[in-house]
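Colleague: Below is one structure. I have some questions about it.
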Amino acid sequence: MKTTDSKNGLLKIENLQVEYITDDARVFAVNGLNLEIEKGETLGLVGETGAGKTTTALSVMRLLPPKVGRVIGGSILLDGIDIIHAGEADMRALRGSLVSMIFQDPMTSLNPVLTIGDQIAEVLIFHDRYNNRTDVNRRVDEILRLVGLSPERKNEYPHQFSGGMKQRVVIAIALACEPKLLLADEPTTALDVTIQAQVLEMMKELQEKLHTAVILITHDLGVVAQTCNRVAIMYAGEIIETGTVDRIFHAKRHHPYTEGLFGSIPDLTKKTRRLNPIDGLMPDPSNLPAGCKFHTRCPKCIDICRTIHPRSSVRDGHSIRCHLEGEGGVPVAGETAGGEQT
Ligand code: SF4
């Protein structure tokens, strides 16, 4: 397994490009994505459906659908390990122990014919964490208590639990071996609002207790405000803005897409007849526009946006990929100054 020094952080993704090949088209799902996460940090990855959020997470897990999805460029370093070039046996050892993923729908994540206790024990046994079944059982009880479930229910099957409880079981499986990185793909989307708040609170407590770094994939800015340290906004397969939660929610300057996202959230303190949604739709990922990928929907579009791909410029750790931000910012490492012609 190829490793390099990881002192700069836990996960470093540089210029990641991922495509899907279908019968009719070549779909460019992730296009030159750069992302970093520090140990113990929570990063909210926000964007519309089809922005490439889940594809990014699946690339880190090396779980892209075989023969259809593939990484065509860039690098992913996780705790110093080169994920793209790691062998399949190494990846099996890393999944669950170094990095885990919580999928959107707990109904399809759990095996309906195994008890929840057996499903948690399976991860511990696979990763050789304990010498005997007594220790495994003790750890299963411990992890169930940690996610707020009674160990007495470990011999029950998934259908005997409510949606919120099933998601707690999924989280228990993901955290059983205390991974350094947890990829949570819209973990509360299938839950009602009350249960959603409970599950998010529990995830936050566990993260603080276990010092796990979390990438929380969501399209809900409210969830991000409650749970994250940093935010990355994704559009058409690339990060268009990143910053601390405070910067993203309170800074004066934003990417026009981020402005659109905030403009479409109802504000209970203001009297408005209509919300202000972003016009148009995300571009077809098999036929992306030249220049800035947001230019077909951007109210601030200028001539250069139609032909030149903007670079990200950074001020005080707040990065924005827009031609209007060029002055005063510095290019992100690895990107060409002045943007790229597309
Ligand atoms: Fe809008 Fe141009 Fe900025 Fe893209 S680069 S977000 S089109 S102003």
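Colleague: Consider a paramagnetic label point 7 Å from the Cα of Phe249 along Cα→Cβ; state which residues of the range 289-322 have an amide N under 11 Å from it.
Modeller: Within reach of a label on Phe249, which here means backbone N under 11 Å from a point 7 Å along Cα→Cβ, the range 289-322 contributes nothing.
Colleague: Still on this structure, please answer the following. Mind checking which of Glu48, Glu201, Glu178 has the largest fluctuation in a GNM of the chain, springs on alpha carbons under 10 Å?
Modeller: Of Glu48, Glu201, Glu178, the most mobile in the Gaussian network model is Glu201.
Colleague: I would also like to ask the following. Over the range 109-178, with every protein chain in place, what whole percent of the accessible area is carbon and sulfur at 1.4 Å, could you tell me?
Modeller: On the way: 1650 of 3510 Å².
After summing per-atom areas, the C and S share lands at 47 percent.
Colleague: Still on this structure: Based on DSSP, what percent of beta bridges with both residues in the range 171-253 are antiparallel, to the nearest 5?
Modeller: Working: 6 of 11 bridges.
Around 55 percent antiparallel, to the nearest 5.
Colleague: If r is the Cβ-Cβ distance from Glu201 to Lys67 and R0 is 30 Å, what FRET efficiency results, to the nearest 0.05?
Modeller: Working: r = 40 Å, r/R0 = 1.35.
That pair, Glu201 with Lys67, gives E of 0.15.
Colleague: Let me ask something else about it. Given R₀ = 41 Å, what would the calculated FRET efficiency be for Lys209 paired with Glu14, taking r from the Cβ atoms and rounding to 0.05?
Modeller: Numbers: r = 31 Å, r/R0 = 0.76.
The calculated FRET efficiency here is 0.85.
Colleague: Here's something else I'd like to know. Among the aspartates and glutamates, select those whose C-alpha is under 18 Å from the C-alpha of Lys67, and discard any that sit fewer than 8 residues away in the same chain.
Modeller: Filter leaves Glu19, Asp23, Asp24, Glu88.
Colleague: Within the range 51-79, what residues put their amide N at less than 15 Å from the label point 7 Å along the Cα-to-Cβ vector of Ser286?
Modeller: 68-69
Colleague: Skip the ligands, DNA and RNA, and give the accessible area per residue of the range 262-336 with a 1.4 Å probe, whole Å².
Modeller: Values: 4880 Å² over 75 residues.
That works out to 65 Å² for each residue.
Colleague: Per 10 Å bin from zero, what fraction in whole % of the C-alpha pairs of the range 109-178 is there, up to the bin with the longest pair?
Modeller: 23, 60, 17, 0
Colleague: If you don't mind, another one. Report, ordered by chain and residue number, the aspartates and glutamates lying within cross-link reach of Lys166, taken as a straight Cα distance under 12 Å and ignoring same-chain residues fewer than 8 apart.
Modeller: Partners found: Asp105, Glu156.
Colleague: Does a label point 7 Å from the Cα of Thr108, set along Cα-to-beta-carbon, have any residues of the range 188-211 with amide nitrogen under 14 Å, and which are they?
Modeller: Counting backbone N atoms under 14 Å from the label point, the list is 189-190.
Colleague: Output the peptides 220-228, 272-280, 151-159 sorted from most to least packed, where packing is the average of other Cβ atoms within 10 Å over each peptide's residues. If you can, show how the numbers build up before the last one.
Modeller: On the way: 220-228: 18.0, 272-280: 9.7, 151-159: 14.4.
Ranked by mean Cβ neighbours within 10 Å, highest first: 220-228, 151-159, 272-280.
Colleague: Past 30 Å, Cα to Cα, is the threshold; run Lys39/Lys293; Lys53/Lys300; Lys180/Lys252; Lys204/Lys293; Lys53/Lys204 against it and keep the listed order. Show your work: numbers first, answer last.
Modeller: Values: Lys39/Lys293 32 Å; Lys53/Lys300 25 Å; Lys180/Lys252 34 Å; Lys204/Lys293 34 Å; Lys53/Lys204 21 Å.
From the list (Lys39/Lys293; Lys53/Lys300; Lys180/Lys252; Lys204/Lys293; Lys53/Lys204), the Cα-Cα distance tops 30 Å for Lys39/Lys293; Lys180/Lys252; Lys204/Lys293.
Colleague: Once you have the Cα-Cα distance between His219 and Ile265, take 0.36 nm times their residue separation minus that, and quote the gain in nm to one decimal.
Modeller: Working: separation 46, 0.36 × 46 = 16.56 nm, distance 1.16 nm.
Taking 0.36 nm per residue and subtracting the Cα distance, the gain is 15.4 nm.
Colleague: How many nm separate the modelled label positions at Thr194 and Asn132, each set 7 Å beyond the Cα in the direction of the Cβ?
Modeller: 4.5 nm
Colleague: At Ile304 and Leu275, where each label point lies 7 Å from the Cα along Cα→Cβ, what is the point-to-point distance in nanometres?
Modeller: Label-label distance for Ile304 and Leu275, simple model: 3.3 nm.
Colleague: Equivalent ellipsoid semi-axes for the range 262-336, as square roots of 5 times the alpha carbon gyration tensor eigenvalues: give them largest first, rounded to whole Å. Intermediate results must be reported in sequence, preceding the final value.
Modeller: Working: eigenvalues 141, 72, 23 Å².
Whole-Å semi-axes of the equivalent ellipsoid: 27, 19, 11.
Colleague: What aspartates and glutamates could a cross-link reach from Lys12, if we take a straight Cα to Cα line under 17 Å and drop same-chain neighbours fewer than 8 places away?
Modeller: Glu36, Glu38, Glu41, Asp79, Asp82, Glu238, Glu241, Glu335
Colleague: For the range 29-123, what value does the Rg/Rh ratio take when both radii are computed over Cα atoms and Rh is the Kirkwood radius, given to two decimals?
Modeller: Values: Rg = 14.9 Å, Rh = 15.4 Å.
Looking at the range 29-123, the ratio lands at 0.97.
Colleague: So what's the back-of-envelope 222 nm ellipticity for the chain, counting only DSSP H runs of four-plus at -39500 (n - 2.57) apiece and dividing by all residues, rounded to 500?
Modeller: Numbers: 10 runs with 97 residues, N = 342.
The per-residue figure over the chain is -8000 deg cm²/dmol.
Colleague: Can you send over the carbon and sulfur percentage of the accessible area for the range 262-336, probe radius 1.4 Å, protein chains only? Walk me through the numbers before you get to the answer.
Modeller: Numbers: 2660 of 4880 Å².
Using a 1.4 Å probe with all protein chains present, the range 262-336 comes out at 54 percent carbon and sulfur.
Colleague: Keeping every protein chain present and rolling a 1.4 Å probe, give me the accessible area per residue for the range 109-178 in Å².
Modeller: On the way: 3510 Å² over 70 residues.
Ligands and nucleic acids excluded, the figure is 50 Å² per residue.
Colleague: Give the Rg (one decimal place) followed by the Dmax (whole number) of the chain, computed from C-alpha coordinates and expressed in Å.
Modeller: For the chain, the Cα radius of gyration and maximum Cα-Cα distance read 21.0, 68 Å.
Colleague: Of the DSSP beta bridges with both residues in the chain, give the percent that are antiparallel, rounding to the nearest 5. Present the calculation step by step, with values, prior to reporting the outcome.
Modeller: Working: 36 of 55 bridges.
In the chain, approximately 65 percent of DSSP beta bridges are antiparallel ones.
The values are calculated or read from the model by the stated rules, or taken from the named source; none is laboratory data. A quick note: this is a predicted structure, and the numbers were derived from the prediction, not measured. A quick note on method: Cβ atoms are made from the backbone with ideal geometry, for glycine too, and the neighbour counts reach across all protein chains shown. The protein model used for the area step is the full one, side chains on, heavy atoms only, and it has no ligands, DNA or RNA in it. Shrake-Rupley method; radii C 1.70, N 1.55, O 1.52, S 1.80 Å.
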